[in-house]
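The values are calculated or read from the model by the stated rules, or taken from the named source; none is laboratory data. What you see is a predicted model; the values in this text were computed from it and never measured. Reconstructed Cβ throughout: ideal geometry from the backbone, glycine too, with neighbour counts over all protein chains shown.
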Amino acid sequence: MRRGVVLLLMIVLLTACGSSNKGLSTDDLAIVRVTDEKQIVSYGMSRALAEKVLGEGEEDGNTNFFNYESGIRIFYRDNAVVFIYMGEDSKGVYKTVQGAEINMNQDDLKRIYGKNNFIEHEGIVSAYRYDSINKKYLTDFEVGSEERDKFYEIGFAYKGGEVKGIGLADYKAFADRK
């Protein structure tokens with residue numbers, strides 16, 4: 001029994017600290033259904049597979065995102081997921097693979113993703129941004145590389161101190177969707 005508790009504690013600690021210590025990878029750019037963690041939508045997944053989890057989406061002609069039930073919006077490049085957005089309607093339905101959810105506060109996010117490498121912008125937006133080429137976190141919102149698809153970001157939008165939107169993407173997706 002005691003051995004099982006120690007093992008469980010180690011798994012929880014490794015999971016909670018994993019992303020901040022090793023950097024971000026495409027594995028971190030994914031969401032799971034709260035009631036069934038086998039239902040995953042992840043970066044690089046084909047639209048057909050994503051829609052097996054999310055249902056059929058409706059394209060928003062202004063932003064080129066596809067809108068799905070439960071506040072999920074997806075941007076596809078070459079028919080593959082490159083930007084996942086969770087809005088307020090996803091609360092209690094989806095979370096990131098690391099466990100971030102709508103209505104969390106910054107302290108909750110820092111416990112999940114780490115205190116270091118947290119970029120805050122005017123108290124309404126924050127992010128973890130990672131350069132997978134040079135294997136380092138970035139310290140600001142500037143990305144000037146031609147290889148923007150190798151820069152990964154988990155971003156958060158706030159209102160009243162709580163997360164109201166979560167975005168998981170490669171940085172190229174920001175330019176592509178305009």
Listed residues Asn103, Asn117; which is on the phi > 0 side of the Ramachandran plot and touching a Phe, Trp or Tyr at 6+ places or on another chain (Cβ under 6 Å)? Asn117
Could you say whether any residue in region 78-99 is without any contact (Cβ under 8 Å) to a residue 40 or more places away in the chain, out of contact with any Cys (no Cβ under 9 Å at 6 or more places or on another chain) and aliphatic (A, V, I, L, M)? yes
Yes or no: region 153-170 includes at least one residue that is modelled with pLDDT of 90 or more, in a loop (DSSP other than H, G, I, E, B), among the hydrophobic types (A, V, I, L, M, F, W, C) and under 15 Å from the mean Cα position of the chain (by Cα). no
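Residues are listed down the side, and each one gets a yes or a no for (1) in contact (Cβ under 8 Å) with a residue 12 or more places away in the chain; (2) within 17 Å of the chain's Cα centre (by Cα); (3) surrounded by fewer than 17 Cβ atoms within 10 Å (Cβ to Cβ):
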| position | (1), (2), (3) |
| --- | --- |
| Gly44 | yes, yes, yes |
| Lys52 | no, no, yes |
| Gly61 | no, no, yes |
| Ile102 | yes, yes, no |
Which condition number does Lys115 fail, the rest of (1) basic (Lys, Arg); (2) touching a strand residue (DSSP E or B) at 6+ places or on another chain (Cβ under 9 Å); (3) not in a strand (DSSP E or B) being met? (2)
So, in region 78-100, exactly how many residues are outside any loop (DSSP other than H, G, I, E, B), crowded, with 18+ Cβ neighbours inside 10 Å and among the hydrophobic types (A, V, I, L, M, F, W, C)? 5
Looking at region 101-126, which of the residues that are modelled with pLDDT under 90 and hydrophobic (A, V, I, L, M, F, W, C) is nearest to Ile84 (Cα to Cα)? Val125
Against the condition in contact with a Ser or Thr (Cβ under 9 Å, 6 or more places away or on another chain) and either within 21 Å of Gly160 (Cα to Cα) or among the hydroxyl-bearing types (Ser, Thr, Tyr) (or both), how does Asp108 come out, does it pass? no
Cβ-Cβ below 9 Å, separation at least six or inter-chain, first residue in region 166-177 and under 10 Å from Asp149 (Cα atoms), second of a type in the set (Ser, Thr, Tyr) and at pLDDT 90 or above: which pairs? Ala169/Tyr43; Ala169/Tyr85; Ala169/Tyr152; Asp170/Thr26; Asp170/Tyr43; Asp170/Tyr152; Tyr171/Tyr152
